[in-house]
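Contents: one structure, followed by commentary.
The values are calculated or read from the model by the stated rules, or taken from the named source; none is laboratory data. Because the structure is predicted, anything quoted here is derived from the model rather than measured. Quick reminder, even Gly has a Cβ in these numbers, built from the backbone with ideal geometry, and neighbours come from all protein chains shown.
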Amino acid sequence: MKKRILLITTGGTIASSLRQEGQGLTPTVNGAGLEALLGPLTLEYQITVRDILSLDSSNIQPEEWRLIARNVAAAFAQKEYDGIVITHGTDTMAYTASILSFMLRHPPIPVVLTGSQLPIIHPLTDAVENLRTALAMASSGTRGVFVAFNRRVILGTRAVKVRTTGFDAFESVNAPYAAMVDGTGLRLNPAAIPPVTGDFFLEDRLCSNVFLLKLTPGLDPMVFEMLGKMQYRGIVIEAFGLGGLHFIRRDLVAKLHAMAQLGITVVVCSQCLYERSDFSIYEAGVKALEQGVLQGFDMTTEAAVTKLMWILGQTNDPEQIRERFSQSIFGEIMV
Ligand code: ASP
């Protein structure tokens with residue numbers, strides 16, 4: 001029996017072409033077009049296509065995340081598919097993959113995002129290879145949200161785009177790959193995939209008023225006041241190294257206290273892509289922890305930002321926020 005796959009399309013380079021010379025690449029190819037260009041690969045599966053968006057992923061925002069999540073939830077309810085593949089632009093795919101990992105609680109079947117660095121209509125495209133991996137993962141019966149790229153599969157919460165043009169555009173950051181394609185076919189790594197048990201439910205409330213602040217030496221602490229005035233409810237700070245913020249001359253730590261008073265949740269993580277941050281090691285980090293900030297530890301920035309948006313969509317209670325942020329939903333934080 002062929003595996004039944006729902007192919008949801010949202011745009012991205014994979015579906016793009018030059019509509020007009022000098023206007024830049026824009027999504028033009030729909031799902032039927034993608035399927036036609038996949039050639040004999042489609043004979044291996046029973047594919048149903050659903051076009052829900054046709055956007056460069058720079059234009060994919062919280063409203064679109066919700067739309068995608070709801071379409072996936074509706075497909076789960078149909079119980080007609082063995083897996084779902086979502087084509088998506090690579091630029092913000094890591095954000096979408098993270099938020100879907102949170103919104104889609106206990107997905108009953110695999111949900112696999114993929115895209116490409118070259119349009120599917122380009123003779124040298126990587127799209128077919130990426131779709132090949134995505135379709136295999138979507139047929140694997142592995143519950144969860146994943147990104148398939150360059151013959152590798154990454155947990156949705158661990159994918160980060162690290163290259164602008166290389167076909168190895170995505171890495172699994174601070175976690176092993178969930179699967180790889182080699183001479184044995186799709187080789188799953190069960191130890192890397194958190195077990196999913198329980199019934200599916202959709203939790204798609206979110207608060208998009210979360211700001212990501214990358215620290216630079218000498219940053220004016222007034223920036224926090226500005227964010228408070230702009231009604232931000234959460235701030236993720238990408239601080240320095242293992243974990244530190246400056247507190248001499250320009251005292252950022254004092255502002256963290258003010259943020260807590262305003263009911264703004266602050267998460268601290270590192271500008272370093274790899275390995276775990278820990279603000280309890282240096283004085284410049286301990287002082288921040290004393291102000292009640294939450295730690296991102298080994299989370300990717302994309303997962304930290306979307307998780308905070310998701311939690312703030314559900315509660316304002318500082319204790320609940322702290323507790324939910326520290327619990328792993330789908331492998332985003334090592335607990
Ligand atoms: N700008 C494109 C997008 O994210 C890039 C890509 O898909 O590779 O939609």
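Consider the stretch 93-124. How many of its residues are over 20 Å from the mean Cα position of the chain (by Cα) and in contact (Cβ under 8 Å) with a residue 12 or more places away in the chain?
So the count comes out to 4.
Within the group G234, G241, G228, which residue is small (G, A, S) and over 24 Å from the mean Cα position of the chain (by Cα)?
That would be G228, the only listed residue that is small (G, A, S) and over 24 Å from the mean Cα position of the chain (by Cα).
Kindly provide the set of residues from the stretch 10-53 that are β-branched (V, I, T), within 18 Å of E129 (Cβ to Cβ) and either within 11 Å of the ligand (Cβ to nearest atom) or in contact (Cβ under 8 Å) with a residue 24 or more places away in the chain (or both), ordered by number.
T13, I14, V29, I47
Between a first residue in the stretch 151-173 that is without any contact (Cβ under 8 Å) to a residue 40 or more places away in the chain and a second residue that is of a type in the set (D, E), which pairs have beta carbons less than 7 Å apart while being 6 or more apart in sequence or on different chains?
Filtered contacts from the stretch 151-173: R151/E129.
Counting only residues that are assigned to a loop (DSSP other than H, G, I, E, B) and either of a type in the set (F, W, Y) or within 15 Å of the ligand (Cβ to nearest atom) (or both), which one in the stretch 80-92 is farthest from the chain's Cα centre (by Cα)?
Y81
Among the candidates A15, A32, single out the residue that is of a type in the set (A, V, I, L, M), at negative phi and surrounded by fewer than 22 Cβ atoms within 10 Å (Cβ to Cβ).
A32
For I121, indicate whether it is modelled with pLDDT of 95 or more, part of a loop (DSSP other than H, G, I, E, B) and of a type in the set (V, I, T).
Taking the combined requirement at face value, the residue satisfies it.
Residues that are touching a residue at least 60 places away in the same chain (Cβ under 8 Å) and polar (S, T, N, Q): does the stretch 283-301 have at least one?
Within the stretch 283-301, one or more residues are touching a residue at least 60 places away in the same chain (Cβ under 8 Å) and polar (S, T, N, Q).
Among the residues of the stretch 312-335, which ones are under 10 Å from V267 (Cβ atoms) and of a type in the set (V, I, T)?
I321
Among the residues of the stretch 317-332, which ones are over 27 Å from Q261 (Cα atoms) and aliphatic (A, V, I, L, M)?
I329
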